[in-house]
Amino acid sequence: MTEKRALSMATALLPSTLSFRGSLTRQVNHPSYVFVNTHKRVFVGCSAKKKIGFFDQILDYIEGGPKLRKWYGAPDLLPKDGSGVDEEDENQEEEEVRDAVLVTDGDSEMGQMIILSLIVKRTQVKALVKDKRMANEAFGDYVESVAGDMTNKQFLNRALRGVRAIICPTEGFFYNVGSLKGIKHVILLSQLSVYEGSSGIQAMMRGSSKKLAEQDESKLMASGLPFTIIRTGALQDTPGGEQGFCFDEGCSVKGSLSKEDAAMICVEALSAVPQGGFAFEVVNGEEKVPDWKQCLVTLMEKAD
């Protein structure tokens, strides 16, 4: 079933009740998001003055029952508290099927954009969050939210159980994290070029973020895992899907990239797993990309 067909069926079938949900008013591949700040946490919200979009319907539909979930192809329901996993069963961990994508910092703005894009792609999603209750309210049963200390081996094993790939939308995840054994692909959204290009007061304000970004890239490169580092220009609150792209060396120092486009590229990068490590720069520009998998493969070949 095509995404356009799914969109048509969802529009006809799904309720349009407005709750704590995201909004999509453009095409599925380039969603538009509205966010609200609640208790110093940024969570997906929706303006009552705007027409309820596809993401509102999808996230209403999440709670629509087993019949609709089966039609959409959603994963099996998880317990509300995230339990049901035998943390002591090490043999099961070795033999498990890994088909989920873990999004770190899932309650950040970029994390939520990536999560919603993964939901539209019918991907099984796990999210590392600070506030599990709020994340459950935002995403329902389509996302398995986990909260805890990633330096704790037992929690790390539980968080990574069933995970094939990790998407890191912000810096700092790899600083203290332990072994990522079993992970097949790591995608890191990096603004290191932006931090390195800062000067004066901006450089001082971004000093800690720059250090974390440097540590993340260094540790990921030394991990031995297949990885993709997406070095973006300054991330902007502009609509995605309306501009082309530029991948020239050095473009990320001066250029900018829509946050919506950045989220989309992170998700598309799942389709192109490098043999080892791979890094590229991207900002909005003139080049149109009709096939992201082929685009990424071509960039990998140039990097070699």
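Where a number appears in this text, it was derived from the coordinates with a stated rule and is not lab data. Just so it is clear, the structure is predicted and the values come from calculations on it, not from any experiment. Here Cβ is always computed from backbone atoms with ideal geometry, including for glycine, and neighbour counts include all displayed protein chains.
Amide H to amide H distances under 5 Å link residue 188 with 168, 228, 229, 230, where only residues 5 or more positions off or on other chains count and H is placed in the peptide plane.
With the simple model of a label 7 Å out from the Cα in the direction of the Cβ, residue 293 to residue 181 spans 3.2 nm. For GluC sites (Glu not before Pro), the sites in the stretch 223-278 that DSSP calls loop and that have at most 14 other Cβ atoms within 10 Å are 242, 249.
Highest mean packing comes first when the peptides 271-279, 197-205 are listed by Cβ atoms within 10 Å, giving 271-279, 197-205. Quick one: grab the alpha carbon gyration tensor of the stretch 95-303, order the square roots of its eigenvalues as a ≥ b ≥ c, and give me rounded if a/c is under 1.5, else prolate or oblate depending on whether a/b is larger than b/c. It comes out rounded by the Cα gyration axes. In the stretch 95-303, Cα pairs under 8 Å separated by at least six residues give a relative contact order of 18 percent.
With 0.36 nm allotted per residue and the present C-alpha distance subtracted, the residue 253-residue 219 stretch has 10.0 nm of extension available. Subtracting the Cα-Cα distance of residue 97 and residue 271 from their residue separation scaled by 0.36 nm leaves 60.8 nm.
With the simple spin-label model, which puts each label point 7 Å out from Cα in the Cβ direction, the residue 203 to residue 237 separation comes to 2.9 nm.
Could you tell me whether the stretch 180-232 comes out rounded, prolate or oblate from its Cα gyration tensor? Rule is a ≥ b ≥ c as square roots of the eigenvalues, rounded for a/c under 1.5, then prolate if a/b exceeds b/c, otherwise oblate. Prolate shape, in that a/c is at least 1.5 and a/b is the bigger ratio. Fewest-first ordering of 142, 195 by other beta carbons within 10 Å of each residue's beta carbon gives 195, 142.
Exposure proxy for 219, 259: other Cβ atoms within 10 Å of each Cβ, ordered fewest to most, give 219, 259. Taking a ≥ b ≥ c as the square roots of the Cα gyration tensor eigenvalues, with a/c under 1.5 meaning rounded and otherwise prolate when a/b beats b/c, else oblate, which class fits the stretch 195-267? Oblate, because a/c is 1.5 or more while a/b does not exceed b/c. Each residue in 105, 149 was given a count of other beta-carbon atoms within 10 angstrom of its own, and listing them fewest first yields 149, 105. So how far, in whole Å, is the C-alpha centre of the stretch 133-194 from the one of the stretch 259-304? The stretch 133-194 and the stretch 259-304 have Cα centres separated by 21 Å. Applying a threshold of 29 Å to the alpha-carbon distances of 184/259; 211/293; 132/288; 126/211; 181/293 flags 211/293; 132/288 as lying beyond it.
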